[in-house]
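Asks: This is the structure I have questions about; it appears just below.
A short reminder: the numbers here are calculations on the coordinates, not readings from a lab. Everything numeric in this text was worked out from a predicted model, so none of it was measured. Ideal geometry is used to build each Cβ from the backbone, glycine not excepted, and the neighbour counts take in all protein chains shown.
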Amino acid sequence: MDKLTGVGVSAGRVIGPVLQMPEPIREPDAASTLTEGESPEAAVERLKEAAEAVKENLKERAGRASGNAAAVLKSTALMAGDKALLKNAGKLVTGKGLSPERAIWEAAGDYAAQMKALGGYMAQRVTDILDVRSRIVAQLTGQPAPGIPESETEFVLVAEDLAPADTATLDPAKVIALVTSEGGPQAHTAILARDLGLPAIVAANGALEIPNGTTVYVDATDGTVVTTPGEKEYRLAQAYANRKPLPEFDGTGKLADGTQIPLYSNVGNGKAAQTAAEAKAEGIGLFRTEFAFLNRDEEPSVEEQTVEYKTVFDAFPGRHIVVRTLDAGADKPLPFLTDTSEPNPALGVRGYRTDWTSPGVLQRQIEAIAAAAKDSTADVWAMAPMISTAPEAHDFSAMLEEAGLKTHGVMVETPSAAVTSRDILHEVDFVSMGTNDLTQYTMAADRLLGPLAELNNPWQPGVLRMIDLTVRGARQAEEETGKAKSVSVCGEAAADPALAVVLVGLGVNALSMNTRSIPAVAAVLKSVTLEKAQQIAVQVLDARSAENAKDVARAELPVLDELGL
Ligand code: PEP
Ligand code: MG
């Protein structure tokens with residue numbers, strides 16, 4: 001039996017054939033000219049046919065897709081039929097004798113540069129142009145089309161990692177599991193997989209060598225991939241397919257003794273907020289505003305931002321919403337804010353720090369948040385990402401005050417913010433722990449790197465003690481200021497039902513997670529009293545390894561096995 005090991009990031013057990021993500025299309029040789037015997041006219045004709053085939057394929061896929069994916073595919077299809085682009089490429093074939101693939105590469109490159117220079121809506125088309133260019137080159141040269149492979153039947157997608165743009169076209173009806181050779185449990189590919197409820201394993205070394213079509217067993221609960229599944233694996237996959245559904249969330253997060261622990265959703269746009277409201281989430285604990293603008297080359301206008309934010313606020317009339325200001329940088333680059341050539345992006349100008357290099361963007365965003373909040377009934381709290389010091393929290397709070405926003409907070413994602421939470425909470429009303437980044441910075445382990453996945457684990461004793469310190473600092477600030485200071489967790493740790501119990505036991509007031517995780521977390525919280533959660537937390541804090549910490553908690557929570565979690 002051949003077995004690969006990685007880190008399971010979204011539980012589930014399935015069997016299916018592998019489809020590898022194709023290699024990105026490389027630039028055709030600059031000296032690539034017309035094939036001998038082919039006239040320039042025939043080459044131009046071949047180019048047009050390739051573009052037409054790409055357009056038809058995209059149109060057909062757009063017709064089958066819905067929502068964001070349909071919109072992305074439709075706009076790319078339009079670009080494949082762009083007459084000016086084909087005319088310019090044709091001229092390079094007839095005038096310079098370039099091969100059709102080299103001609104479309106150059107023509108699209110020039111076109112993209114012009115669009116970018118025009119700015120605004122035009123600049124947003126750059127991604128479409130470059131995508132279409134790769135697709136036409138693939139069609140002309142007989143290579144597989146870039147992006148998520150197409151298939152009539154279900155498959156296990158294997159990739160090095162997924163780019164944010166790929167994720168828009170991932171069809172959860174076809175992709176039954178995701179296995180990546182890179183990535184970590186707190187990177188955005190893992191977050192997306194959990195969002196979709198897709199069994200997923202990251203950092204699976206050797207996954208890229210599995211031949212296309214191989215039937216594999218993916219055990220994302222265990223973090224293993226078996227390339228020669230036998231009777232046992234088929235049985236486990238069958239049992240998973242027939243699992244008992246979790247009880248539906250009734251809209252109030254509660255412990256066995258009635259202590260309320262609000263359960264909120266993490267969202268990136270209005271549609272996700274709507275889904276969260278339908279699932280009875282108690283509000284939004286993290287609105288990742290950067291997700292609404294990931295493909296943008298230019299700063300969105302205040303009006304445009306206001307509309308976008310209001311769609312999220314309106315999904316929860318009268319309810320709690322925590323909106324986070326733009327968290328650009330590292331694996332979420334925004335061309336108008338971040339410099340991708342930094343040698344060490346995770347430690348660079350990201351999150352709140354972009355206010356120092358691009359002054360004005362944060363202030364305008366706050367204006368937009370305030371305008372949207374004023375126009376809605378939601379109870380809007382605002383917070384900044386990547387805060388390291390109390391003076392930063394002070395400055396951010398002053399900006400919110402100026403804009404008329406009443407409840408101010410920051411994220412605790414750096415060890416510095418964790419150990420100075422008391423000082424920080426003298427400046428703001430609440431903190432929300434971003435355990436994904438807090439883990440990567442505490443462990444000094446890039447959350448995107450496969451080989452470091454074991455370190456990128458919020459069960460690590462160093463991370464648990466950072467969380468404990470944060471809560472203790474908050475309670476001290478409460479005593480000193482005489483004001484309540486809310487401490488929540490909105491990192492992926494909150495979505496792990498066993499860890500959720502530990503967080504509550506450590507004194508965390510509220511949890512925010514992807515909408516799909518809420519029923520599991522709610523069901524497990526309901527099985528313990530606050531006293532029991534506190535006892536478990538004390539035991540877990542004493543653990544010497546991540547594995548031991550998790551085992552200690554699981555041993556106290558039999559409900560996990562009963563629910564197949
Ligand atoms: C975190 O770091 O835990 C967090 C919630 O922020 P993001 O995952 O968007 O970096
Ligand atoms: Mg973060």
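Asks: Read phi for every residue in the range 132-138 and hand back ³J(HN,Hα) as whole Hz from Karplus 6.51 cos²θ - 1.76 cosθ + 1.60, θ = phi - 60°, with x for Gly and Pro.
Replies: Using θ = phi - 60°, the values come out as 4, 4, 4, 5, 5, 4, 4 Hz.
Asks: At 0.36 nm per residue, minus the direct Cα-Cα distance, what do T33 and E278 gain on full extension? Give it in nm, one decimal, please. Present the calculation step by step, with values, prior to reporting the outcome.
Replies: Working: separation 245, 0.36 × 245 = 88.20 nm, distance 5.71 nm.
Here the segment from T33 to E278 would lengthen by 82.5 nm.
Asks: Multiply the residue separation of T357 and T215 by 0.36 nm, subtract the distance between their alpha-carbon atoms, and state the gained length in nm to one decimal.
Replies: Details: separation 142, 0.36 × 142 = 51.12 nm, distance 4.99 nm.
Between T357 and T215, full extension yields an extra 46.1 nm.
Asks: Separate question: Which is farthest toward the positive dipole end of the chain among L162, T311, G462, measuring Cα position about the Cα centre, with Cβ charges +1 (Lys, Arg) and -1 (Asp, Glu)?
Replies: Ranked along the dipole, the leading option is T311.
Asks: Suppose every Lys and Arg Cβ carries +1 and every Asp and Glu Cβ carries -1, with no other charges. What dipole size does the chain come out with about its Cα centre, to the nearest 20 debye? Intermediate values should be presented prior to the final figure.
Replies: Values: 52 positive and 77 negative charges, 159 e Å.
In debye, rounded to 20, the chain gives about 760.
Asks: Could you sort 492-500, 314-322, 142-150 so that the peptide with the highest average Cβ count within 10 Å comes first and the rest follow in order? Walk me through the numbers before you get to the answer.
Replies: Working: 492-500: 25.9, 314-322: 19.6, 142-150: 16.9.
Final packing ranking: 492-500, 314-322, 142-150.
Asks: Follow-up. Among the GluC sites (Glu not before Pro) in the range 190-295, which ones are in a DSSP loop with at most 14 other Cβ atoms within 10 Å of the Cβ? Mind listing them? Present the calculation step by step, with values, prior to reporting the outcome.
Replies: Details: sites: E209, E231, E233, E248, E278, E282, E290; in loops: E248, E282.
Within the range 190-295, the qualifying GluC sites (Glu not before Pro) (loop, at most 14 other Cβ atoms within 10 Å) are E248.
Asks: Rank L362, G109, A484 by how far each Cα sits towards the positive end of the charge dipole of the chain (+1 on Lys, Arg Cβ; -1 on Asp, Glu Cβ) and give me just the farthest.
Replies: With unit charges placed on the Cβ atoms, the residue in question is A484.
Asks: Right, something else. So what is the calculated 222 nm ellipticity per residue for the chain, using -39500 (n - 2.57) for each DSSP H run with n of 4 or more, over all residues, to the nearest 500 deg cm²/dmol? Don't skip to the answer; put the middle values down first.
Replies: Values: 23 runs with 252 residues, N = 565.
For the chain, the value works out to -13500 deg cm²/dmol.
Asks: Going through the cross-link list K374/K485; K483/K532; K59/K232, which pairs have a Cα-Cα distance over 32 Å in this structure?
Replies: Values: K374/K485 24 Å; K483/K532 27 Å; K59/K232 42 Å.
The answer is K59/K232.
Asks: Based on a Kirkwood Rh over C-alpha pairs, give the Stokes-Einstein translational diffusion coefficient of the range 505-565 at 10 °C and viscosity 1.306 mPa s in µm²/s. Let's see the in-between values first.
Replies: On the way: Rh = 12.5 Å.
Translational D for this selection: 127 µm²/s.
Asks: Would you please classify the overall shape of the range 328-483 from the alpha carbon gyration tensor, given that a ≥ b ≥ c denote the square roots of the eigenvalues, rounded means a/c under 1.5, and beyond that prolate means a/b larger than b/c while oblate covers the rest?
Replies: Numbers: a/c = 2.07, a/b = 1.16, b/c = 1.79.
Oblate.
Asks: Roughly how many Å is it from the Cα centre of the range 151-213 to that of the range 3-22, as a whole number?
Replies: Centre-to-centre (Cα) distance: 7 Å.
Asks: If the convex hull of the alpha-carbon atoms of the range 297-382 is projected onto planes in all directions, what is the mean projected area in square nanometres?
Replies: Numbers: hull surface 22.6 nm².
With the hull built on Cα positions only, its mean projection is 5.6 nm².
Asks: Which percent of the Cα-Cα distances in the range 199-277 go past 20 Å?
Replies: Numbers: 1839 of 3081 pairs.
So the portion of pairs separated by more than 20 Å is 60 percent.
Asks: Another one. By how many nm would the segment from E41 to R364 lengthen if fully extended, with 0.36 nm per residue of separation less the alpha-carbon distance?
Replies: Numbers: separation 323, 0.36 × 323 = 116.28 nm, distance 5.25 nm.
Length difference between fully extended and current span is 111.0 nm.
Asks: Excluding residues on the same chain fewer than 8 positions from K271, give the lysines whose Cα lies under 17 Å from its Cα.
Replies: K280, K310
Asks: Tell me the Kirkwood radius of the range 169-322: reciprocal of the mean inverse pair distance over distinct alpha-carbon atoms, in Å. Kindly include the intermediate steps, with their values, before the conclusion.
Replies: Details: mean 1/r = 0.0539 Å⁻¹.
For the range 169-322, inverting the mean 1/r across all distinct Cα pairs yields 18.6 Å.
Asks: Starting at 0 and stepping by 5 Å, how many percent of the alpha carbon pairs of the range 1-121 end up in each bin?
Replies: Here the calculated profile for the range 1-121 is 2, 9, 14, 15, 16, 13, 9, 7, 7, 5, 3, 0.
Asks: Hey, another quick one. Based on the Kirkwood radius over alpha-carbon pairs, what is the Stokes-Einstein translational diffusion coefficient of the chain at 4 °C with 1.567 mPa s viscosity, in µm²/s? Intermediate values should be presented prior to the final figure.
Replies: Numbers: Rh = 25.1 Å.
Answer, rounded: 52 µm²/s.
Asks: Also, quick follow-up: Considering the Cα positions of the range 428-565, please state its Rg to one decimal place and its Dmax as a whole number of Å.
Replies: In Å, with Rg to one decimal and Dmax whole: 14.6, 46.
Asks: Across the range 146-155, in residue order, what do the Karplus-derived ³J(HN,Hα) couplings come to in whole Hz, using 6.51 cos²θ - 1.76 cosθ + 1.60 with θ = phi - 60° and x for Gly and Pro?
Replies: x, x, 4, x, 9, 7, 6, 10, 5, 8
Asks: While we're on this one: What residue among L98, Q20, V7 has its Cα farthest toward the positive end of the dipole of the range 1-134, where the charges are +1 on Lys, Arg and -1 on Asp, Glu, each on the Cβ?
Replies: V7
Asks: Moving on. So how far, in whole Å, is the C-alpha centre of the range 331-362 from the one of the range 241-288?
Replies: Rounded to whole Å, the Cα centres lie 32 Å apart.
Asks: Between the helical axis of 83-96 and the dominant principal axis of the chain, each derived from Cα atoms, what acute angle in degrees is found, rounded to the nearest 10?
Replies: Orientation of helix 83-96: about 50 degrees from the principal axis.
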